[in-house]
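Taking it in order: structure first as structure tokens, then the write-up.
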Amino acid sequence: MDDIFAKKPKQPTLNFEEVIKTIPIEHSKTKLANMADMVEHRWRFYKIQNKLYTEISKYEPNKKRKYLDKDKEWTEDNENRIDSQFNKYIVDEYYYYTDN
């Protein structure tokens, strides 16, 4: 019997090397305090039980941090945020700043 429900096409996933290639060369490995009036882009890599997870976000001054979801859309939904209790598993992070 044919399935009567439409299925959403599976989104291709990026591997670690592909995500790393999206980080601009001019990045910083630490958060820069003197950039508070600029847009902060952040890439965080976590290793939890030998599995690598990536969180990509951006913070615009005076707004909530937005996270890149699995559909490659920016959202303020915390569902796409890795909880701070997992910060101890961060193995790498990158910051990049742009003008508003």
Proximal lysine pairs in the stretch 26-98, meaning Cα under 14 Å and 8 or more positions apart or interchain, come to 4
Most exposed first, judged by fewest Cβ atoms within 10 angstrom, L32, L68 run L32, L68
Along principal axes, largest first, the alpha-carbon spread of the chain in whole Å comes out as 62, 32, 28
Pseudo-spin-label distance Y89 to E76, built 7 Å along Cα→Cβ, given in nm, is 2.8 nm
A chain fully extended from K64 to L52 at 0.36 nm per residue, minus the present Cα-Cα distance, gains in nm 1.8 nm
Projected onto the charge dipole of the chain (unit charges on the beta-carbon of Lys, Arg, Asp and Glu, signs +1, +1, -1, -1), the Cα from V91, P61, M35 with the largest positive-side position is that of V91
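Based only on other Cβ atoms within 10 Å, what is the fewest-to-most ordering of S57, S84?
Going from sparsest to densest Cβ surroundings: S84, S57.
Every number in this text was worked out from the coordinates using simple rules, so none of it is lab data. Since the model is a prediction, treat every value here as computed from it, not as a measurement. Glycine also receives a Cβ, built like all others from the backbone with ideal geometry; neighbour counts cover every protein chain displayed.
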